[in-house]
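The values are calculated or read from the model by the stated rules, or taken from the named source; none is laboratory data. Computed from a prediction, not measured in an experiment: that's the story for all the values here. For neighbour counting, all protein chains shown are included, and Cβ atoms are generated from backbone atoms with ideal geometry for every residue, glycine included.
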Amino acid sequence: MTGLSDSFQRPIDYLRISVTDRCNLRCIYCMPSEGVNLLEHEDILSYEEIYHVAQVAAELGISKIRITGGEPLARLGLSSLIKMLASIDLITDISLTTNGLLLGRYAAELKQAGLRRVNVSLDTLKPDKFKFITRQSDKLDDVLESIEVAKAVGLNPVKINVVAMAGINDDELFDFAAKTINDGWHVRFIELMLPVGVSTTTAQFISVTDIRKKLEQLGDLEPCVHGIGNGPAKYFRFPEANGTVGFITPVSEHFCYLCNRMRLTSDGKLRPCLLADDEIDLKQSLRNGASSERLKLLIEEAVAKKPLHHNLAEGYMPKDKPFSQVGG
Ligand code: SAM
Ligand code: SF4
């Protein structure tokens, strides 16, 4: 097999890069409301360092990159990083996951820099609930506006990620489904993962099976033969809907056997798995002037450490870093 593959023969061609641990929101399932220990600026990788890692990773077989965070658009000059990454010939797809607050402002320049598509995280269509879930912002309208701007500048498909939570937003499942029918939205429901120390409980977990049962009260969900992404989501469509409904089941049915990704944390560690603590330090080597060959060996070492699957179902969550640092 050519390119990069792990010890279980899974091809690895996708790198998720967290560009910051900072965020302008404090979503209840992701970050504590206060007391977040933030990294110093010098501890996060510079854009030049990220570019160097991406270039070497591309030579090994990485062809797709997703930029995430924290909130990636909270870091200044993100378009310049996108432009640098887009200049790497072997990288064929660059996407972004964002909370959407600042996307409207930057969408056009991001597109021009080479970004292809975006995922916007949005868990409610109600302003008061938006403030409750994000703990910070009453700017739901800015996110809704950003979604339209992103579509208009061609960052398509714009996918909307909804973390489903019983008793919090499960009364809005039909409203999101209606958006796929009336407005062509691509909505993906994600099962809540329960990291220790964040303000959600097992009582708020709702499985994709239950979400699907509820949605089917609206009409048949027809499987999309050709998915709209290359990730773990399974896609469906209501009859005559332009948009799609996707389901992501990190908890009830893990998709590790399909996992093709590695993660670069904002502080320069390469993580084989979102839900395990193992990581390989690239920052130190970069700053000690490591050659590209040395970096390649480190990347291959990290890939070789990819576990067969995570152990979320047994209650195991990584201890040392929150999602906002790893890039969920
Ligand atoms: N700030 C950006 C955003 O919210 O899209 C990017 C980073 S955020 C950590 C990436 C994704 O992780 C978001 O879609 C968010 O909903 C998801 N996420 C964070 N914590 C989660 C949890 N406990 N369970 C499920 N998804 C979670
Ligand atoms: Fe910030 Fe995204 Fe985490 Fe919400 S999910 S707190 S927007 S990093």
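Only one of the numbered conditions (1) away from ligand 1 (no atom under 15 Å from the Cβ); (2) under 21 Å from the mean Cα position of the chain (by Cα); (3) not in a helix (DSSP H, G or I) is violated by Asp138, and that is (2). Selection within segment 13-24: residues that are touching a strand residue (DSSP E or B) at 6+ places or on another chain (Cβ under 9 Å) and within 14 Å of ligand 1 (Cβ to nearest atom). The member of this set that is farthest from Glu300 (Cα to Cα) is Val19. When restricted to residues that are closer than 19 Å to Glu109 by Cβ and in contact with a strand residue (DSSP E or B) (Cβ under 7 Å, 6 or more places away or on another chain), segment 48-58 contains 1. If you check Lys296 against the conditions, is it of a type in the set (Lys, Arg) and touching a helix residue (DSSP H, G or I) at 6+ places or on another chain (Cβ under 6 Å)? In short, yes. Tell me, yes or no, whether segment 247-258 has at least one residue that is assigned to a loop (DSSP other than H, G, I, E, B), closer than 16 Å to Asn119 by Cβ and modelled with pLDDT of 95 or more. No, segment 247-258 has no match at all.
Looking only at residues of segment 94-119 that are within 12 Å of ligand 1 (Cβ to nearest atom) and more than 11 Å from Leu73 (Cβ to Cβ), we find that the one that is farthest from the chain's Cα centre (by Cα) is Ser95.
Taking the listed residues Gly69, Gly77, Gly35, Gly61, the one that is surrounded by fewer than 20 Cβ atoms within 10 Å (Cβ to Cβ) and touching a strand residue (DSSP E or B) at 6+ places or on another chain (Cβ under 8 Å) is Gly61, with no other qualifying. Restricting attention to segment 15-66, and to residues there that are farther than 18 Å from Ser266 by Cβ and among the hydroxyl-bearing types (Ser, Thr, Tyr), which single residue is nearest to ligand 2 (Cβ to nearest atom)? Per the criteria, the residue is Tyr29. Among the residues of segment 177-225, those that are aromatic (Phe, Trp, Tyr) and either within 11 Å of ligand 1 (Cβ to nearest atom) or touching a Cys at 6+ places or on another chain (Cβ under 7 Å) (or both) comprise Phe189, Phe205. If you go through segment 1-40 and keep only what is in a loop (DSSP other than H, G, I, E, B), over 16 Å from the mean Cα position of the chain (by Cα) and hydroxyl-bearing (Ser, Thr, Tyr), you end up with Thr2, Ser7, Ser33. Can we say Thr200 is modelled with pLDDT of 95 or more and either outside any loop (DSSP other than H, G, I, E, B) or surrounded by 15 or more Cβ atoms within 10 Å (Cβ to Cβ) (or both)? So Thr200 does not fit the description; no.
With respect to the conditions (1) at pLDDT 95 or above; (2) part of a helix (DSSP H, G or I), Val303 falls short on a single one, namely (1). In the set (1) more than 16 Å from Ile67 (Cα to Cα); (2) more than 12 Å from ligand 2 (Cβ to nearest atom); (3) of a type outside the set (Ser, Thr, Tyr); (4) in contact (Cβ under 8 Å) with a residue 24 or more places away in the chain, Pro127 fails one condition alone, (4).
Can you confirm whether Ser95 is at negative phi and surrounded by fewer than 18 Cβ atoms within 10 Å (Cβ to Cβ)? Here the answer is no, as Ser95 does not meet what is asked.
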